[in-house]
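The values are calculated or read from the model by the stated rules, or taken from the named source; none is laboratory data. Here the structure is a predicted model, which means the values were calculated and not measured. We place every Cβ from the backbone using ideal geometry, glycine too, and count neighbours over all the protein chains shown.
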Amino acid sequence: MLYGSFEHVLDEKNRVAIPAPFREAAVEKKYGKGFFVTRGTEKCLFLFTPIHWEEFVNNILRLPFSAERRKVERTFLSPARRVECDPQGRIVLPQELKEYAGLERDVKITGLGNRIEVWNATRWKPMDEENVAELDKLADKLLGGTGN
């Protein structure tokens, strides 16, 4: 499982260090080596381990072959790239994806179970604050409350 939040810096060569717990997941035999990076929702990037990428793609391919599915395929699959960590634990983000997410120097990297999200740190903060403000309502609606 991928979880936790970390602050890192994107350098001038589009390299960002992947937090150690996430790097460990990307070399474990059960997840496969490296990551797949693609566009995410809400202008972030999604990173998947190979096994989680395969699950993500298969979920898309199970959808009816409709105009909506083709849009989802084109949006998530066409810009996707496989990346591996260098000896310092960094990956290189493709320029197109860096621009899509508006990534600058400071980034927030967060694990969400089956994927990692990479955010512009400035954009992350207000979105996270809004999510926290709505947490009780969301927990009640989606999880049946948090008291059980």
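Taken together, Gly113, Gly32 contain a single residue that is in contact with a helix residue (DSSP H, G or I) (Cβ under 8 Å, 6 or more places away or on another chain) and on the phi > 0 side of the Ramachandran plot, which is Gly32. Restricting the search to strands (runs of 3 or more DSSP E) fully inside region 71-148 and requiring at least 1 residues that are more than 24 Å from Val9 (Cβ to Cβ) and in contact with a Leu (Cβ under 9 Å, 6 or more places away or on another chain) gives 106-113.
The set of residues from region 101-118 being under 18 Å from Thr75 (Cα atoms) and either within 13 Å of the chain's Cα centre (by Cα) or buried (at least 19 other Cβ atoms within 10 Å of the Cβ) (or both) comprises Ala101, Arg115, Ile116, Glu117, Val118. In the set (1) surrounded by fewer than 13 Cβ atoms within 10 Å (Cβ to Cβ); (2) modelled with pLDDT of 90 or more; (3) hydrophobic (A, V, I, L, M, F, W, C), the condition left unmet by Leu142 is number (2). Assess whether Arg90 counts as being surrounded by 14 or more Cβ atoms within 10 Å (Cβ to Cβ) and within 22 Å of Arg23 (Cα to Cα). Criteria met by Arg90. Could you tell me whether region 62-73 includes any residue that is under 15 Å from the mean Cα position of the chain (by Cα) and charged (D, E, K, R)? Among the residues of region 62-73, not one is under 15 Å from the mean Cα position of the chain (by Cα) and charged (D, E, K, R), which makes the answer no. Screening region 38-61 for residues that are farther than 18 Å from Val92 by Cβ and of a type in the set (Val, Ile, Thr) and picking the one that is nearest to the chain's Cα centre (by Cα) gives Thr41. Restricting attention to region 5-42, the residues being outside any strand (DSSP E or B), at pLDDT 95 or above and under 18 Å from Leu77 (Cβ atoms) number 2. Could we say that Phe46 is aromatic (Phe, Trp, Tyr), touching a helix residue (DSSP H, G or I) at 6+ places or on another chain (Cβ under 7 Å) and in a strand (DSSP E or B) here? Against the criterion (aromatic (Phe, Trp, Tyr), touching a helix residue (DSSP H, G or I) at 6+ places or on another chain (Cβ under 7 Å) and in a strand (DSSP E or B)), Phe46 does not qualify.
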